[in-house]
Amino acid sequence: MELNQSSTLLGRVREVIRYERYSIRTECCYVEWVRRFAAFHGRRHPRKMGADEVRAFLGYLAAELKVAVSTLQQALSALLFLYRDVLGVDLPWLTN
């Protein structure tokens, strides 16, 4: 199966998720976390951001929004997927 290479980031996230055969609920969840991550940083493209921005976003979720640990883990998983599988960027501290 070949990917279509969508022109938008969220479209590309959807394509990769479907290629990897994740569930539709996972797709919706990951797309929403990527959207929220970009919005948190002023709609900057994640390729122009790195580990510091991921750390800041997760810190905001934990400290300001006081989300549950499972929610924080879900956001982290979505961002790991984004950087590793969609953008092909290795953020070393995220893989540990």
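Annotations
- Scanning the range 61-72 for residues that are assigned to a helix (DSSP H, G or I) and loosely packed, with under 14 Cβ neighbours inside 10 Å gives Ala63, Val69, Ser70.
- Within the set Arg12, Arg25, Arg21, the sole residue that is in a helix (DSSP H, G or I), at pLDDT 95 or above, of a type in the set (D, E, K, R) and surrounded by fewer than 15 Cβ atoms within 10 Å (Cβ to Cβ) turns out to be Arg25.
- Only listed residue being in contact with a Leu (Cβ under 8 Å, 6 or more places away or on another chain), part of a helix (DSSP H, G or I) and not hydroxyl-bearing (Ser, Thr, Tyr), chosen from Leu76, Leu82: Leu76
- Any hit, the range 28-41, residues being assigned to a loop (DSSP other than H, G, I, E, B) and on the phi < 0 side of the Ramachandran plot: yes
- Qualifying residue in the range 33-52 (condition: under 13 Å from Val86 (Cβ atoms), without any contact (Cβ under 8 Å) to a residue 40 or more places away in the chain and touching a His at 6+ places or on another chain (Cβ under 9 Å)): yes
- Subset of the range 19-35 (residues that are touching a Lys or Arg at 6+ places or on another chain (Cβ under 8 Å) and more than 13 Å from Leu76 (Cα to Cα)): Glu27
The values are calculated or read from the model by the stated rules, or taken from the named source; none is laboratory data. Everything quoted here is computed from the prediction, not taken from an experiment. For neighbour counting, all protein chains shown are included, and Cβ atoms are generated from backbone atoms with ideal geometry for every residue, glycine included.
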